[in-house]
Amino acid sequence: MLYAKNASSLEGSATLLYTAKAAAMKAAGQDIISLTAGQPDFPTPKAAIDAAKLAMDQGKTLYTPSLGISELRQAVATRWSKVHNQNFSPANVMVSCGAKHSIANMLEVVVSPGDKVLLPKPFWVSYPQMVRRLGGISVYPQSSGMLITGDDIRVAAAQGARGMIFNSPCNPSGLVNSAEMVKDVAAAVKETGIWVISDDIYEDLYYGEGQVPHILTADPSLRDQVAVITGVSKTYAMTGWRIGFAIANPEWIKIAGRIQAHSTSNPCSISQYAALAVVSGFAETERIEMYNAFKRRRDLICDLLEKVQGIVFEKPQGAFYVYPRIVTEKGINSEDFCLALLEKGGLGTIPGSAFGNEGYIRLSFAASDSDITEAVKRLNSFLERGDFK
Ligand SMILES: Cc1ncc(COP(=O)(O)O)c(C=O)c1O
């Protein structure tokens with residue numbers, strides 16, 4: 001059978017692959033610690049569960065408008081108007097089945113076959129595949145730094161890039177573009193006129209002062225060419241509920257809404273009511289508790305990793321990942337390294353190749369203190385033994 005070229009050229013998600021492999025080994029009884037998780041290891045806040053139960057009891061279990069229930073779109077508009085000092089209305093908002101779905105929908109509106117899309121490196125695994133699915137071409141920054149600069153954007157735009165997906169805090173590095181850097185990025189976006197999909201899914205897990213620097217704060221006049229992507233998955237430990245938000249100019253939302261209407265229709269009605277509860281502020285105690293736990297674990301893992309010979313890393317300023325480079329004379333193949341680390345060292349991690357970097361591995365600190373401590377011990381012994389050489 002002949003399958004469509006774009007669809008059959010898509011690659012699977014390496015993060016899911018390595019996560020599944022570590023889980024399978026553990027389930028088979030092997031002594032495995034897994035730092036592969038891309039999700040909070042906390043339960044969903046009670047307010048969301050109660051709202052979902054109530055929605056079911058009240059029969060809110062049928063189709064909703066495909067863009068999402070109006071109360072939730074309004075709540076999102078209100079909350080993120082405050083975050084970005086804008087006056088968003090429900091017309092600026094679409095609710096989808098997770099932030100991943102929001103990105104895919106918004107991307108589909110702006111990428112035609114052959115269009116170039118700039119992806120800062122390291123990038124989240126799904127971006128290049130999402131671009132490829134639409135027949136677009138991913139291009140990467142000219143400079144090799146871990147954070148994109150305005151000049152990278154100018155060069156890419158001069159070479160034909162029409163847009164960019166921006167992700168700060170970044171998965172996998174946990175790094176954040178400083179206010180100064182975001183200003184520089186915003187200036188280049190303005191100058192070149194490219195569109196931006198700003199993937200802000202980790203915005204509430206920022207360990208610096210105040211709010212994470214944002215393109216719209218740096219230059220509010222960019223609001224028509226920037227789509228903000230956010231959601232409840234990471235902030236409220238709601239990855240399984242599949243609710244994400246896109247906030248953008250009404251035309252972009254309207255076209256994306258048609259794509260959604262002809263594909264998935266509305267996201268799960270019950271999940272939307274659960275999301276409404278947390279977006280409206282009924283789970284702030286849990287949000288802050290989880291935030292504090294992640295911040296403390298970030299410090300714990302970094303303090304432990306500081307003592308490990310053979311790696312270099314920058315302390316993450318957001319999300320729940322740390323992204324060390326393995327320093328050896330010959331360099332490493334990150335997939336071989338992660339496989340050996342799992343099989344011989346009993347530690348599950350994700351290879352940097354999944355995020356566009358060779359030589360790196362991603363460790364998630366969405367794990368207990370004892371798992372984090374044991375994981376770093378295992379990494380250290382593995383490096384000392386040189387099992388990967
Ligand atoms: C950078 C980034 N964007 C988007 C998502 C997707 O979030 P959701 O689970 O809401 O689809 C993830 C999830 O891992 C992510 O890491």
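The values are calculated or read from the model by the stated rules, or taken from the named source; none is laboratory data. Predicted model only: the values in this text are computed from it and were never measured. Here the Cβ positions follow ideal geometry from the backbone for every residue, glycine too, while neighbour counts run over all protein chains shown.
Observations on the structure shown:
- Scan of segment 249-265 for residues that are away from the ligand (no atom under 16 Å from the Cβ), surrounded by 17 or more Cβ atoms within 10 Å (Cβ to Cβ) and not β-branched (Val, Ile, Thr), ordered by number: Trp252, Gly257
- Matching residues in segment 259-289 - criterion: being within 19 Å of Trp241 (Cβ to Cβ), in contact with an Asp or Glu (Cβ under 9 Å, 6 or more places away or on another chain) and either hydroxyl-bearing (Ser, Thr, Tyr) or not in a loop (DSSP other than H, G, I, E, B) (or both): Gln272, Tyr273, Ala274, Leu276, Ala277, Val278, Ser280, Arg287
- Residue selected from segment 210-238 under the condition polar (S, T, N, Q) and closer than 26 Å to Gln39 by Cβ, by the criterion farthest from the ligand (Cβ to nearest atom): Gln211
- Residues that are under 21 Å from Phe282 (Cα atoms) and buried (at least 21 other Cβ atoms within 10 Å of the Cβ), drawn from segment 207-233: Thr230, Gly231, Val232, Ser233
- One residue from Trp195, Trp241 being more than 16 Å from the ligand (Cβ to nearest atom) and within 24 Å of Trp80 (Cβ to Cβ): Trp195
- Matching option when the condition is touching a residue at least 24 places away in the same chain (Cβ under 8 Å), under 12 Å from Phe88 (Cβ atoms) and among the hydrophobic types (A, V, I, L, M, F, W, C), among Ile229, Ile253, Ile243, Ile215: Ile253
- Selection from segment 77-105 of residues that are within 12 Å of the ligand (Cβ to nearest atom) and hydrophobic (A, V, I, L, M, F, W, C): Val95, Cys97, Ala99, Ile103, Ala104
- Residue count, segment 295-331 (criterion: of a type outside the set (S, T, N, Q), under 17 Å from Gly386 (Cβ atoms) and exposed (fewer than 15 other Cβ atoms within 10 Å of the Cβ)): 4
- Of the strands (runs of 3 or more DSSP E) contained entirely in segment 151-251, those carrying at least 1 residues that are closer than 28 Å to Gly359 by Cα and of a type outside the set (S, T, N, Q) fall at 161-166, 195-199.
- Filter result for Ser34 (surrounded by 19 or more Cβ atoms within 10 Å (Cβ to Cβ), touching a strand residue (DSSP E or B) at 6+ places or on another chain (Cβ under 6 Å) and over 30 Å from Ala218 (Cβ atoms)): yes
- Checking each residue of segment 86-105 against the condition of being in contact (Cβ under 8 Å) with a residue 40 or more places away in the chain and in contact with a Cys (Cβ under 9 Å, 6 or more places away or on another chain) gives at least one match.
- Breaking point among (1) of a type outside the set (Gly, Ala, Ser); (2) in the same structural domain as Thr235 (by TED's automatic domain parsing); (3) outside any helix (DSSP H, G or I); (4) over 19 Å from the mean Cα position of the chain (by Cα), for Asp31: (2)
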